[in-house]
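The values are calculated or read from the model by the stated rules, or taken from the named source; none is laboratory data. Since the model is a prediction, treat every value here as computed from it, not as a measurement. All Cβ positions, glycine included, derive from the backbone under ideal geometry; neighbour counts span all protein chains shown.
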């Protein structure tokens with residue numbers, strides 16, 4: 001689904017099993033870039049409970065001094081600024097004179113269907129991560145290196161998993177058991193994700 005326009009969506013998570021755990025909503029880019037999905041929305045979902053989550057497709061550039069980025073760690077942001085795939089879609093990541101890392105010079109760039117982060121020479125190797133976010137939280141991140149430009153897709157795939165998660169956790173999708181893709185049909189903005197007694201998801205339009 002190409003989400004270059006800001007649109008409101010809702011997913012209601014339900015637990016129809018006897019297993020206690022959390023629902024984790026995350027995004028996977030359908031094209032461009034390499035890196036890690038980040039646990040975007042996490043909610044406890046005890047048996048018999050339901051929890052709705054709504055968001056708008058408002059993009060953000062995000063960055064943090066994470067050290068070596070690896071699955072299981074928490075992506076702690078130090079800065080987040082607005083991004084617009086059709087306007088301000090390019091930004092530079094640099095070191096701050098006060099310490100830390102910051103974005104500068106957000107501007108329209110030549111990339112089509114994505115968001116670009118240009119990393120300048122002041123950024124140390126293997127110490128900083130950057131990526132994109134939506135509705136106030138990071139959704140995708142990667143380890144950045146100096147003097148390189150990284151491109152992130154805005155063609156998002158929504159996925160849900162069940163288990164033990166923390167919001168902002170860096171995910172290794174190859175280890176997630178029973179994760180399911182949530183696809184919004186044309187004209188549909190509300191979906192339900194139901195965790196069943198068979199340890200699987202049922203995805204329905206509402």
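Residues in segment 174-184 that are modelled with pLDDT under 95 and exposed (fewer than 15 other Cβ atoms within 10 Å of the Cβ) were compared, and the one that is farthest from residue 163 (Cα to Cα) is 174.
Matching residues to (1) at pLDDT 95 or above; (2) over 18 Å from residue 12 (Cα atoms):
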| site | (1), (2) |
| --- | --- |
| 126 | no, yes |
| 130 | yes, yes |
| 138 | yes, yes |
| 148 | yes, yes |
| 159 | yes, no |
| 162 | yes, no |
| 190 | yes, no |
| 205 | yes, no |
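Within segment 126-144, the residues that satisfy the criterion of being over 10 Å from the mean Cα position of the chain (by Cα), crowded, with 19+ Cβ neighbours inside 10 Å and more than 13 Å from residue 78 (Cα to Cα) are 143, 144. Hey, can you tell me all the residues within segment 88-104 that are surrounded by fewer than 15 Cβ atoms within 10 Å (Cβ to Cβ) and either closer than 21 Å to residue 38 by Cα or modelled with pLDDT of 95 or more (or both)? The answer is 104, and nothing else. Would you be able to say whether some residue in segment 196-205 is out of contact with any helix residue (DSSP H, G or I) (no Cβ under 9 Å at 6 or more places or on another chain), crowded, with 20+ Cβ neighbours inside 10 Å and under 27 Å from residue 95 (Cβ atoms)? No: segment 196-205 contains no residue that is out of contact with any helix residue (DSSP H, G or I) (no Cβ under 9 Å at 6 or more places or on another chain), crowded, with 20+ Cβ neighbours inside 10 Å and under 27 Å from residue 95 (Cβ atoms).
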